[in-house]
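Peer 1: Following this message is one structure expressed as structure tokens.
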Amino acid sequence: YTVNCRFVDGPGLYIAAYDPTLVTQIWRTNQSGGAGAEDLMSGSMALNTTSSTLFYNPFFTSGSATGLYALNSATGAQRWLQSITPTSRLAIDSSNIYLCEGNTSTYFPSSGGAYPFTATALVARRQSDGTVAWTQPLTDTGKQSPILANGLVIVGTTTSVKAYLATTGVLQWTAVVP
């Protein structure tokens with residue numbers, strides 16, 4: 001699987017699957033374009049091989065819909081779309097998708113390559129339909145994905161590292177970053 005996440009000239013923005021043996025394209029979807037268009041998440045995706053679902057969370061500067069997509073990994077057909085504003089890459093376990101989300105009011109153009117928006121929450125979403133399983137308020141995160149370890153969802157902010165139970169979202173511990 002590949003993502004063309006920056007458009008200057010050429011095929012535009014898209015996500016695609018290739019046959020690794022024949023090096024031929026199997027499918028391409030979410031095609032978008034426009035000079036200067038880009039996916040600020042830089043092609044964040046995760047594959048659940050059990051359900052043959054590819055999860056993809058682009059933040060487009062123009063063109064296609066920003067959000068969280070579930071695609072059939074064999075055909076590229078969209079299974080569902082949740083219109084959210086992702087502010088981090090994503091992580092998955094067998095049942096949920098974990099990512100930081102914000103809202104469009106926190107997005108503003110920036111210069112010098114600075115990250116232009118911040119998270120308002122850590123969110124667990126069900127893989128079956130993208131609906132919210134649980135959410136926790138959170139600020140000052142980067143684009144890095146949450147880390148999954150020993151039943152915890154771990155996220156870093158500019159001031160701390162926090163761990164939440166993956167099943168319920170209950171805070172388990174916080175470590176202050178000096």
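All of the numbers you see were taken from the coordinates with simple rules; none came from a lab. Values in this document were obtained by computation on a predicted structure and should not be read as measured data. No Cβ is skipped: glycine too gets one built from the backbone with ideal geometry, and neighbour counts run over all protein chains shown.
Peer 1: May I ask you to compute the full-extension gain from V23 to A74, defined as 0.36 nm times their residue separation minus their alpha-carbon distance, rounded to one decimal in nm?
Peer 2: 16.8 nm
Peer 1: Under a 5 Å amide H to amide H cut-off, with H placed in plane at 1.01 Å, what residues pair with R79 once short-range neighbours are removed?
Peer 2: Placed amide hydrogens put A70, L71, N72 under 5 Å from R79.
Peer 1: Given H placed on each backbone N at 1.01 Å, which residues far from A121 in sequence or on other chains put an amide H within less than 5 Å of it?
Peer 2: E101, L138
Peer 1: Based on the mean of other beta carbon atoms within 10 Å per residue, what is the order of 120-133, 146-159, most packed first?
Peer 2: Peptide ranking by packing, descending: 120-133, 146-159.
Peer 1: Sticking with this one: Taking the Cβ-Cβ separation of V177 and T50 as r and a Förster radius of 35 Å, what is the calculated FRET efficiency to the nearest 0.05?
Peer 2: FRET efficiency, V177 to T50: 0.45.
Peer 1: Which net charge results when you count Lys and Arg as +1 and Asp and Glu as -1 among the other residues whose beta-carbon is under 13 Å from that of Q127?
Peer 2: That sum, taken over residues with Cβ under 13 Å, equals +1.
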